[in-house]
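A.B. asks: Questions regarding the structure given below will be posed in turn.
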Amino acid sequence: MPARPRWIVAFIAAAVLTLGCGELPDPAMPDDSAPPPSAAPTQSGEPDGTATVEEFNRDARGAVSGAETYWSGVFKSSGVAFTPVRTVTPYRGDGELSCGREPIPADNAVYCPAGDFIAYDADWAVTAFRKIGDAFVYYLLGHEYAHAVQARLGVEHRYAIDHELQADCMAGAYLGDSVRDDKLQLADGDLEEFRSGLLAVGDPEGQPWFAPESHGTVAQRTDAFFSGYEKSLDACDLT
């Protein structure tokens, strides 16, 4: 996880789309003058902060592998077989990939239940990674993998906002439990940076909570994520 991440991302509604595990090809590095994030150790002990495509791919693989390992253990402890997400697929631009018959828009990351895959706009993701750091990658893929788990459990919600807030809670549980189990290490200041990052992903002021694209206010998303982070899956209403 990076020290001092800055999140400036938004997610689309889960009603249509919601990332799996495969080799991530090297997307072209966008032209970005933003300075790289400060260095911090990764899971493997290799230095962060280079802001290279190779580092992005390593972090993305680590985030997906960590989520897969975490959820496999959760399912096993409940006596239920777990099937990992089929693949993670980078794309570029509107409509290069589709979920069923629905084109996947640019500047997004989604889980597609129709094909059981996670997809993300490679140029957008790498640009955000350079500006924010690898905490962005772990949160992004943790959130989308949570949508895949919801699909495996048959979880349904009447409103998209409930689906999204539960995925935030599940992503928090994955990251918090991984830290407590010493499978993931946070650098000094990362928790405050999680809070700072969540300020950027809340719904715009005045957006109706029942709108299909609603994910929750800053306060709602922060509460959901940190409830999962601190209390694990007991906070996520998965019963």
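The values are calculated or read from the model by the stated rules, or taken from the named source; none is laboratory data. Given the structure is predicted, the values throughout are model-derived calculations rather than measurements. Cβ sites come from the backbone with ideal geometry, for glycine too, and all protein chains shown count toward neighbours.
A.B. asks: Inspect the stretch 141-150 for any residue being part of a helix (DSSP H, G or I), over 14 Å from the mean Cα position of the chain (by Cα) and at pLDDT below 95 and give the result as yes or no.
C.D. replies: no
A.B. asks: If you don't mind, another one. Give the stretch 207-239 a look and list any residue that's small (Gly, Ala, Ser), at pLDDT below 85 and surrounded by fewer than 14 Cβ atoms within 10 Å (Cβ to Cβ), or say none. Don't jump to the end; show me each part of the working.
C.D. replies: Our first condition is that a residue be small (Gly, Ala, Ser); within the stretch 207-239, this holds for 211, 214, 216, 219, 224, 227-228, 232, 235.
Narrowing the set further to residues that are at pLDDT below 85 leaves 211, 214, 216.
Matches in the stretch 207-239: 211 only.
A.B. asks: Return the pair list, or none, for Cβ contacts closer than 8 Å from residues in the stretch 215-231 that are within 20 Å of residue 109 (Cβ to Cβ) to residues that are part of a loop (DSSP other than H, G, I, E, B) and of a type in the set (Asp, Glu), at least 6 apart or on different chains.
C.D. replies: 215/203; 216/203
A.B. asks: Filter the stretch 116-125 for residues that are in a helix (DSSP H, G or I) and of a type outside the set (D, E, K, R); which is farthest from residue 71 (Cα to Cα)?
C.D. replies: The extreme case among them is 124.
A.B. asks: I've got another one for you. Taking residue 103 as meeting all but one of (1) buried (at least 18 other Cβ atoms within 10 Å of the Cβ); (2) more than 23 Å from residue 169 (Cβ to Cβ), write down the number of the exception.
C.D. replies: Unmet for residue 103, out of (1) buried (at least 18 other Cβ atoms within 10 Å of the Cβ); (2) more than 23 Å from residue 169 (Cβ to Cβ): (1).
A.B. asks: Which count do you get for residues in the stretch 89-115 that are at pLDDT 95 or above and under 17 Å from residue 65 (Cβ atoms)?
C.D. replies: Going through the stretch 89-115 one residue at a time, the tally reaches 1.
A.B. asks: Let me ask you something else. Kindly indicate whether residue 84 is at pLDDT 95 or above and either under 27 Å from residue 181 (Cα atoms) or part of a loop (DSSP other than H, G, I, E, B) (or both). Lay out the reasoning, then the answer.
C.D. replies: On the way: at pLDDT 95 or above: yes; either under 27 Å from residue 181 (Cα atoms) or part of a loop (DSSP other than H, G, I, E, B) (or both): yes.
When the stated conditions are applied, residue 84 passes them.
A.B. asks: Among the residues of the stretch 150-170, write down those that are crowded, with 24+ Cβ neighbours inside 10 Å and under 20 Å from residue 65 (Cβ atoms).
C.D. replies: If the condition is that a residue be crowded, with 24+ Cβ neighbours inside 10 Å and under 20 Å from residue 65 (Cβ atoms), then 167, 170 are the ones that fit.
A.B. asks: Please work out if residue 128 is under 18 Å from residue 215 (Cβ atoms), within 11 Å of the chain's Cα centre (by Cα), aliphatic (A, V, I, L, M) and not in a loop (DSSP other than H, G, I, E, B).
C.D. replies: no
A.B. asks: Out of the residues in the stretch 166-186 that are outside any loop (DSSP other than H, G, I, E, B) and hydrophobic (A, V, I, L, M, F, W, C), state the one that is nearest to residue 230 (Cα to Cα).
C.D. replies: Among them, the one singled out is 173.
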